[in-house]
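Here the structure is laid out as C-alpha cells; the discussion comes afterwards.
Every number in this text was worked out from the coordinates using simple rules, so none of it is lab data. Just so it is clear, the model here is predicted, and its values are computed rather than measured. With ideal geometry, Cβ positions are generated from the backbone for all residues, glycine too; neighbour counts draw on all protein chains shown.
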Amino acid sequence: MRAEAGHPESFNLEFIGIGNEDKITLEFEERFKMIYETVKLKHPEITIVGTVGPFHSGDDFDKGWELAKELKIPIVDEHYYVDPNWLLANQYRYDKYDRNSSKVYLGEYASWGNKMINAIAEAVYLTSLERNGDLVVMASYAPLLAKKDFTQWRSDMIFYDNTKICLTPNYYVQKLFMINQGDLYFDNVISFDKNDTSLASSCVKDSETGDLILKLVNASSDSKYMKIDLSNFNINSEAEKTILSGDAEDDTFENLDNVKPEKSIISIQSKFNYDAPAMSLSVIRIKIEK
C-alpha cells in the first residue's frame with residue numbers, strides 16, 4: 001500500500017502507539033493484547049507504546065499500568081492537562097517510579113493557560129523530566145497550533161490569526177529546553193531548599209559541543225538564590241546566559257514583544273550564587289576547557 005501511494009522505501013518506523021486515552025475496559029484489554037502481540041511478532045524492530053488513559057492518576061491510569069506490567073510493554077503514553085500548581089507540587093513524580101518497569105512517553109501535557117505562570121511552571125516540570133531522562137524517554141507538549149479565538153482552550157503553544165503568529169511564553173520555554181538539551185545529567189551541581197516547590201534546576205552536558213548547561217527556574221513572585229558548584233569541571237570564566245522572565249500574568253496576545261528571552265554574556269567562577277529573578281527561566285551555557 002505504501003509503494004502504491006508512491007513511497008516504495010520503508011519509513012523505518014521506530015515507534016507505534018496502540019490506543020490513545022482509552023478507558024481500560026475488559027474489551028479494550030482483549031483487543032489491545034491481540035494487536036500488541038501481532039505487531040510485536042510481525043515487526044520486532046518497532047517499539048510499541050501503550051496507553052494509560054487520559055489522566056495522571058485514577059482507575060484507567062492504574063489499570064493501564066497493570067496491563068503494561070503484565071505484558072512488559074516497553075513504553076507507556078501518559079497524558080495530563082493540569083493547573084500550574086500541580087506541576088510545581090509534582091516535580092518529583094518520576095523520581096519515585098520503578099526503574100524496572102515500562103518507560104514513559106509523556107505524550108500530551110500542559111498547564112491550563114498561556115500566561116508566564118503557566119510557562120514557568122512547565123519549565124519547573126521539564127527540569128524533572130531531564131533529571132529522569134533514564135525513565136521519561138520522550139515528551140511532547142499539548143496541541144501545537146491554534147487559530148486565535150477559534151479554540152476550545154488556551155493551552156496551545158502557537159496561536160495565529162489572518163495576519164500574524166503569536167508565540168506564547170510556553171513556546172519560548174519549550175524552545176529553550178529543545179536547543180539546550182544534554183545527554184549526560186549531573187546531580188549536586190545546583191543546590192537550594194528542596195522544600196520550596198517554586199524552585200527547580202537541572203545540569204546537563206551536551207557531549208557533541210562539550211558545553212555544560214544549567215537551567216534554573218524560579219516560579220515565585222520574589223527573586224531567590226541558588227548555589228552553584230562547578231569545581232568538578234574545568235570551566236571557562238565566561239558563559240552565555242539566556243533568561244525568560246516577566247510578571248505571572250504576562251502573555252503575548254496583546255503585545256507580541258511582551259515576553260521574549262534575552263541573551264547576555266556573564267562572568268562565572270567555580271562556585272557562585274545565582275540570583276534567580278522572580279517568575280523566570282535562566283539557561284546558562286558554559287564552555288568546558290579540555
Whichever residue in region 237-252 is within 24 Å of Met178 (Cα to Cα) and among the small types (Gly, Ala, Ser) and, among such residues, is surrounded by the fewest Cβ atoms within 10 Å (Cβ to Cβ):
Ala248
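If a residue has to be in contact with an Asp or Glu (Cβ under 8 Å, 6 or more places away or on another chain) and crowded, with 22+ Cβ neighbours inside 10 Å to count, how many in region 78-97 make the cut?
Quick first cut of region 78-97, residues in contact with an Asp or Glu (Cβ under 8 Å, 6 or more places away or on another chain) only: 79-81, 84, 87.
Filter once more, so that each one left must be crowded, with 22+ Cβ neighbours inside 10 Å: 84, 87.
Looking only at that region, the number is 2.
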For Asp229, which of the numbered conditions (1) free of Cβ contacts under 8 Å to residues at least 60 places away in the same chain; (2) touching an Asp or Glu at 6+ places or on another chain (Cβ under 7 Å) fails to hold?
(2)
Note down all Cβ pairs under 8 Å where the first residue falls in region 275-290 and is under 17 Å from Cys203 (Cβ atoms) and free of Cβ contacts under 8 Å to residues at least 12 places away in the same chain, the second is aromatic (Phe, Trp, Tyr) and assigned to a strand (DSSP E or B), and they're at least six residues apart or on different chains.
none
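Exposed (fewer than 12 other Cβ atoms within 10 Å of the Cβ), in contact with a Phe, Trp or Tyr (Cβ under 6 Å, 6 or more places away or on another chain) and of a type outside the set (Lys, Arg): which single residue out of Asn255, Asn234, Asn273, Asn195 fits that description? Spell out the reasoning first.
On the way: Asn255 fails: in contact with a Phe, Trp or Tyr (Cβ under 6 Å, 6 or more places away or on another chain); Asn234 fails: in contact with a Phe, Trp or Tyr (Cβ under 6 Å, 6 or more places away or on another chain); Asn195 fails: in contact with a Phe, Trp or Tyr (Cβ under 6 Å, 6 or more places away or on another chain).
Of Asn255, Asn234, Asn273, Asn195, the one residue that is exposed (fewer than 12 other Cβ atoms within 10 Å of the Cβ), in contact with a Phe, Trp or Tyr (Cβ under 6 Å, 6 or more places away or on another chain) and of a type outside the set (Lys, Arg) is Asn273.
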Only one of (1) part of a helix (DSSP H, G or I); (2) farther than 29 Å from Ser270 by Cβ is not met by Cys166, so which one is it?
(1)
